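J.: Please find one structure pasted underneath; my questions will follow.
Read the figures in this text as sums done on the coordinates, not as results from a lab. These figures come from a predicted structure and were not determined experimentally. Glycine gets a Cβ as well: all are built from the backbone with ideal geometry, and neighbour counts include every protein chain shown.
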Amino acid sequence: MSEQAKAYLESVFGLEGKTAVVIGGTGTLGGAFCDALGGAGAHVLVVGRNEDHGQGVAKRINSRGGSAEFCRADSTRRADLESLAAHLKSADRNCDILINGAGINSATPFLEIDDDEWDRMLNINLRSVHLACQVLGKEMIASKTPGSIINVASLSGMTALSRVFTYSATKAAVLNLTQNLAREWAPHRIRVNAISPGFFPAEQNRKVLTPDRVENIMRHTPMDRFGEPHELAGAILLLASNAAGGFVTGANIVVDGGFTAMTI
Ligand SMILES: NC(=O)c1ccc[n+]([C@@H]2O[C@H](COP(=O)([O-])OP(=O)(O)OC[C@H]3O[C@@H](n4cnc5c(N)ncnc54)[C@H](O)[C@@H]3O)[C@@H](O)[C@H]2O)c1
């Protein structure tokens, strides 16, 4: 690549000097988000409950010449997120980019979903987003610098997807909250967007992707394959970078191999 092309891409997508907090950076897609942000020059806080996975992601980014650290936090606990905010302050860092990517899934038949399962799913998939936006979003506003929040929704939040009732309800709510915060925080130059991945094999959907389910998914996916986590990097960098996505807020970028475009 020519020096001119490198300089151009750097000016549009470069994140040098920015700090990115990736909640759920310990997971399959979250790890890919961390790689993308670290690769573009951001300092990455890999946030989650699984220390082995989180340290692994941070080590991978650092070994490639990037900058990353693991921070343990349960995203359903306000106190953990407040500690994260305090950690950023003590390191004299702003939260420039926040990704809300913690999530769980379940395919329990609707009449068998018990109160515990419903509460657990809402707690992790929805309340986590609410809490992180409150605790870290407040700091982003106070910093008076432009920022980007990316909420990880799902195609199941946009259309009725069989078997995953509670999951889909949480993701529809995440999309709605995303638009409402985009409206609310535009005057503070905090952009709030969502990405909606289609089907990417990961830990949280391992049990959901049964052979008959996979066959149905492929029949309904024009690209006839699962997505690969690195294929979300472009959407993440577009939304994270103020140069690339500075006028994009309240949007939802769908990365699903054409699943939601498909009828017959
Ligand atoms: N994989 C897909 O096909 C797909 C599609 C659409 C949306 N998503 C969403 O992408 C996000 C990432 O999921 P994934 O597919 O990589 O699954 P994953 O299971 O690999 O990753 C999820 C991560 O979230 C973490 N997590 C769960 N609860 C947490 C909590 N309370 N506090 C902190 N971390 C917590 C887990 O430890 C894990 O590291 C989720 O929001 C998921 O709903 C995934």
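J.: Where a Cα-Cα gap under 15 Å defines reach, which aspartates and glutamates qualify for residue 59, not counting those fewer than 8 residues away within the same chain?
T.: Within the straight-line cut-off, residue 59 pairs with 35, 51, 69.
J.: Working from the pairwise distances between different alpha carbons, so that the mean of 1/r is found and then inverted, what is the chain's Kirkwood radius in Å?
T.: Details: mean 1/r = 0.0536 Å⁻¹.
Taking the inverse mean of 1/r over all distinct Cα pairs, the chain comes out at 18.7 Å.
J.: Scattering from the C-alpha atoms of the stretch 103-149 alone, worked out with Debye: what is log10 I(q)/I(0) at q = 0.23 1/Å?
T.: Here the Debye-derived log intensity ratios amount to -0.79.
J.: Work out from phi, with θ = phi - 60° and the Karplus expression 6.51 cos²θ - 1.76 cosθ + 1.60, the ³J(HN,Hα) of each residue of the stretch 105-122, listed in order in whole Hz, and give x for Gly and Pro.
T.: Going residue by residue, I get 9, 6, 10, 5, x, 3, 6, 9, 6, 8, 4, 4, 5, 4, 5, 4, 5, 5 Hz, with x marking Gly and Pro.
J.: Could I ask something else about it? Which value, in debye to the nearest 20, gives the size of the charge dipole of the stretch 13-147 about its Cα centre, when Lys and Arg are +1 and Asp and Glu are -1 at the Cβ?
T.: 620 debye
J.: If each DSSP helix of 4+ residues adds -39,500 (n - 2.57) and the sum is divided by the residues in the chain, what number results at 222 nm, nearest 500 deg cm²/dmol? Don't skip to the answer; put the middle values down first.
T.: On the way: 10 runs with 115 residues, N = 264.
My calculation for the chain gives -13500 deg cm²/dmol from helical runs alone.
J.: Taking other Cβ within 10 Å of each residue's Cβ, how do 59, 144 sort, fewest first? Display every interim value, and only then the final one.
T.: Numbers: 59 13, 144 10.
In increasing order of surrounding Cβ atoms, one gets 144, 59.
J.: Quote the charge dipole size of the stretch 54-213 about the Cα centre in Debye, to the nearest 20; the model charges only the Cβ of Lys and Arg (+1) and of Asp and Glu (-1).
T.: That gives a dipole near 640 debye.
J.: What whole-number distance in Å separates the alpha-carbon centres of the stretch 111-186 and the stretch 220-259?
T.: When both Cα centres are located, 17 Å separates them.
J.: What residues have an amide H closer than 5 Å to that of residue 67, excluding those fewer than 5 places away on the same chain, when H is modeled at 1.01 Å from N in the peptide plane?
T.: Those qualifying (amide H under 5 Å, at least 5 residues apart or on another chain) are 44.
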